[in-house]
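Q: One structure, as structure tokens, below. Some questions next.
The values are calculated or read from the model by the stated rules, or taken from the named source; none is laboratory data. Fair warning: this is a prediction, and the values are worked out from it, not measured in the lab. FYI the Cβ positions are ideal-geometry reconstructions off the backbone, even for glycines, and counts take in every protein chain you see.
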Protein chains: 2
Amino acid sequence: MHVTLQDVAKLAGVSTKTVSRVVNNQSEISQATRRRVQAAIEQLGYRPNILARSLVNKRSDTLAVVAWGLEFYGGPPRVLVGIEQQIFELGYSMLFSLLPRPDDTNINPVLDAFVDRRVDGIVWALPEIGDNHKWVKPERLKSLPPIVFVSMEPRPGLSVVAIDNRAGAAQAVRHLIDQGRRKIGVITGPTTWWESRERYEGWKDTLQCAGLDASPSLVVEGDWSAASGAQGIRQLLEQRPDIDSVFAGNDQMALGALGVMHSLGRNIPGDIAIVGFDDVPEAGFYWPPLTTVYQQLTEIGRIAVQMLHKLIKARRQGQDDAEPSTILLTPQLVVRASSA
Amino acid sequence: MHVTLQDVAKLAGVSTKTVSRVVNNQSEISQATRRRVQAAIEQLGYRPNILARSLVNKRSDTLAVVAWGLEFYGGPPRVLVGIEQQIFELGYSMLFSLLPRPDDTNINPVLDAFVDRRVDGIVWALPEIGDNHKWVKPERLKSLPPIVFVSMEPRPGLSVVAIDNRAGAAQAVRHLIDQGRRKIGVITGPTTWWESRERYEGWKDTLQCAGLDASPSLVVEGDWSAASGAQGIRQLLEQRPDIDSVFAGNDQMALGALGVMHSLGRNIPGDIAIVGFDDVPEAGFYWPPLTTVYQQLTEIGRIAVQMLHKLIKARRQGQDDAEPSTILLTPQLVVRASSA
DNA sequence: TTGTAGGCGTTATCAA
DNA sequence: TTGATAACGCCTACAA
């Protein structure tokens, strides 16, 4: 079926090892034979069997990636693009898996599939929700290739890349305060999500430091969807008719809030200022254009793969796993008309 | 490093072949030895090396997927989710690649990487743009595993799954006509895109059949972005101040158009009705909620993989490639306030 | 029911 | 500079 080294060797009148050397640009080979072999390779359309190579080399040059939620909002795809680009640029292939649910704790089948295929490393790009990180234990990690976690709460001994959600939320709230707002409500994502809690804490800390009200009546919980944002702001207005601004945990919920304001005939930002989080590509075209917090998600993906690459190289050199590190990127506020 | 069949065999006091039988649930084995072997497997934490297995079986149980544009709009991620789910459910692993540019004609490195890894099949999930399908020739395909194309113009001899964009656009325009609109402009995607041309043709055919104006002054070309939608409607209003509605080639461009209408103080749908295409999750929360065309993108992904699976099985049984087929899914109009 | 021998396609070792 | 031989981990054929 497929052309093999043997076929090429036979045609070129050399040994398989010689062909192998040509294929891998190894050591010195006489120009003459090299050319002869190369001609044979092209004539036969030879392509090396990476599986066989991996078997003997004990490395698959493949990285595994686990993700979730590509279809629901804009974040995961952007992270994935960064991951894929960096994987490709480093010469790896990418094995890809989605979890059916983000808080799935039944992750062993996924991990086993990766191990069975002898991937060189794993990028775990799932949000931290509830207990879904509990499987990460030293004894389990020992039987796995190096792993880098994306968007998980940093923990000693683990390699983690994440956005500093707290700092991002603080920027957003600080901006509202600077605009003269004093009654600042918040629509959080699900409190089971670490990222969501961080954004909430950023809201709370900033208000408290400024000596402003951060009481529970200013807080409602959404589920990231625009519908929950709409529901959320209705509830907020009921609890606290005096609010002058709202910080939403993501752009979708902010969008839902905008819609409710329109249908109530309220003016934005005149009556109420609204700020989101994420800076989805459309945010600048919402009505009014949405002030939000831009996250370097593609960069996060790239950095995660770079870290992983280092861990892999380190383990190969017998360094008993290079010191794991944590990288937190600080997002950037993007001011638009919904708040100014 | 890794536990092998040999290790298990030694511990259980049997031959490697016996262990292999247990691992693969093969033929009859005495309960006694089976249990003994299984105990050894668990004790050692044995995991089969799929690479070695693939080498001898001449099948990797891996499907390759090529995509593009995950970060720009909502379509590709939804297709990808369907692809991944179906791949997983059929017991394959998924090798994943993104192209840096969708109209890249330099696809040989990508294909080679797949062939080198002996993938069992390929899902080519790239939009058809310009000449980017020209590499698909019988002689090239012969040296490749089975391929299914997603969102490409159907061609004899190829397996293609796509949305019937023309029918979708026709539904949208027909709806506008039914609402009493008579001067219906269109903001198309890039005309280099097959999908975009199809939607344009749907617009044109429907208007012509209804005896309405479909002249070039009613047409502007965007690039799928919200910004181009904004630019597009400005240009349309200049060319044809008399338009009473606009069909946008996707939801992003429709969103851009909505924004311009707001800033001009025009009423939607009173002054101008607007219809999009895609039904992104947020479309129902745009202001006003956007009438648009829902595409079964996840379904497209699943169907593509199912077709691929059949092609693979057929080729294994020596059927000289099962008859390739084309599947066109008809999208569904979703009526919201922007047009009614 | 179980085991032995051989090979899948590649690379490393070590000798020529 | 080249080549024979032995792995890598698994599975199939054929025996026992």
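Q: Looking at the range A:57-72 only, could you name the residues that are in a loop (DSSP other than H, G, I, E, B) and more than 18 Å from the chain's Cα centre (by Cα)?
A: Residues satisfying the conditions are A:Lys58, A:Arg59, A:Ser60, A:Asp61.
Matching residues to (1) within 15 Å of B:Trp194 (Cβ to Cβ); (2) facing another protein chain (nearest Cβ under 7 Å); (3) not in a loop (DSSP other than H, G, I, E, B):
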site	(1), (2), (3)
B:Pro77	no, yes, yes
B:Gly82	no, no, yes
B:Gly91	no, no, no
B:Pro102	yes, no, no
B:Asn106	no, no, no
B:Phe114	no, no, yes
B:Val119	no, no, no
B:Ile122	no, no, yes
B:Lys134	yes, no, no
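Q: Return only the number of the condition from (1) within 19 Å of B:Ile233 (Cα to Cα); (2) buried (at least 16 other Cβ atoms within 10 Å of the Cβ) that B:Asp271 does not satisfy.
A: Exception for B:Asp271: condition (2).
Q: Within the range B:64-75, which residues are on the phi < 0 side of the Ramachandran plot and either more than 8 Å from chain A (Cβ to nearest Cβ) or at pLDDT 95 or above (or both)?
A: Listed by number, the residues that qualify are B:Ala64, B:Val65, B:Val66, B:Ala67, B:Trp68, B:Gly75.
Q: Just to be sure, is A:Ser20 within 16 Å of DNA strand C (Cβ to nearest atom), within 10 Å of chain B (Cβ to nearest Cβ) and surrounded by 13 or more Cβ atoms within 10 Å (Cβ to Cβ)?
A: No: the conditions fail for A:Ser20.
Q: Tally the residues that are surrounded by fewer than 24 Cβ atoms within 10 Å (Cβ to Cβ) and assigned to a loop (DSSP other than H, G, I, E, B), restricting the search to the range B:305-340.
A: So the answer is 15.
Q: Does B:Ile243 count as closer than 18 Å to B:Thr291 by Cβ, out of contact with any Cys (no Cβ under 7 Å at 6 or more places or on another chain), at pLDDT 95 or above and not in a helix (DSSP H, G or I)?
A: Taking the combined requirement at face value, the residue satisfies it.
Q: Still on this structure, please answer the following. Report whether or not A:Asp61 is more than 9 Å from chain B (Cβ to nearest Cβ) and within 16 Å of DNA strand D (Cβ to nearest atom).
A: Details: more than 9 Å from chain B (Cβ to nearest Cβ): yes; within 16 Å of DNA strand D (Cβ to nearest atom): yes.
Against the criterion (more than 9 Å from chain B (Cβ to nearest Cβ) and within 16 Å of DNA strand D (Cβ to nearest atom)), A:Asp61 qualifies.
Q: Please work out which residue is farthest from the other protein chains (Cβ to nearest Cβ), limiting yourself to the range B:24-58 and to residues that are charged (D, E, K, R) and farther than 23 Å from A:Arg118 by Cβ.
A: Step by step, filter the range B:24-58, then rank; the result is B:Glu28.
Q: To continue, here is another question. Taking the range B:213-241 only, how many residues are closer than 26 Å to B:Gly180 by Cβ, away from chain A (no Cβ under 14 Å) and charged (D, E, K, R)?
A: 3
Q: Working only within the range A:21-54, note down all residues that are in a loop (DSSP other than H, G, I, E, B), more than 30 Å from B:Arg53 (Cβ to Cβ) and either within 41 Å of the chain's Cα centre (by Cα) or more than 8 Å from DNA strand D (Cβ to nearest atom) (or both). First the steps, then the outcome.
A: In the first step, residues of the range A:21-54 are kept if they are in a loop (DSSP other than H, G, I, E, B); the result is A:24-30, A:45-49.
Those left that are additionally more than 30 Å from B:Arg53 (Cβ to Cβ): A:27-30.
Listed by number, the list holds a single entry, A:Ser27.
Q: Can you work out which of the residues in the range B:58-74 that are touching a residue at least 60 places away in the same chain (Cβ under 8 Å) and farther than 16 Å from B:Val148 by Cα is surrounded by the most Cβ atoms within 10 Å (Cβ to Cβ)?
A: B:Gly74
Q: Kindly check whether there is at least one residue in the range B:11-20 that is touching a residue at least 12 places away in the same chain (Cβ under 8 Å) and either closer than 26 Å to B:Asp116 by Cα or near DNA strand D (Cβ under 9 Å from one of its atoms) (or both).
A: Checking the range B:11-20: at least one residue is touching a residue at least 12 places away in the same chain (Cβ under 8 Å) and either closer than 26 Å to B:Asp116 by Cα or near DNA strand D (Cβ under 9 Å from one of its atoms) (or both).
Q: So, one more: Check whether at least one residue in the range B:62-79 is within 8 Å of DNA strand C (Cβ to nearest atom) and either within 26 Å of B:Lys313 (Cα to Cα) or not aromatic (Phe, Trp, Tyr) (or both), and report yes or no.
A: no
Q: Continuing with this model, one more query. Are any of the residues in the range B:88-105 surrounded by fewer than 21 Cβ atoms within 10 Å (Cβ to Cβ) and basic (Lys, Arg)?
A: Within the range B:88-105 (the criterion being surrounded by fewer than 21 Cβ atoms within 10 Å (Cβ to Cβ) and basic (Lys, Arg)), the answer is yes, since at least one residue qualifies.
Q: For the range B:168-195, what are the residues that are under 25 Å from B:Ser225 (Cβ atoms) and of a type in the set (Val, Ile, Thr)?
A: Correct list: B:Val173, B:Ile184, B:Val186, B:Ile187, B:Thr188, B:Thr191, B:Thr192.
Condition check ((1) hydrophobic (A, V, I, L, M, F, W, C); (2) within 13 Å of DNA strand C (Cβ to nearest atom); (3) at positive phi) across all residues:
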| site | (1), (2), (3) |
| --- | --- |
| B:Ala9 | yes, yes, no |
| B:Ala32 | yes, yes, no |
| B:Gln38 | no, yes, no |
| B:Arg47 | no, no, no |
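Q: Quick check on my filter: what residues within the range A:281-304 are of a type outside the set (A, V, I, L, M, F, W, C) and assigned to a helix (DSSP H, G or I)?
A: A:Gly284, A:Thr298, A:Glu299, A:Gly301, A:Arg302 - these are the residues of the range A:281-304 that are of a type outside the set (A, V, I, L, M, F, W, C) and assigned to a helix (DSSP H, G or I).
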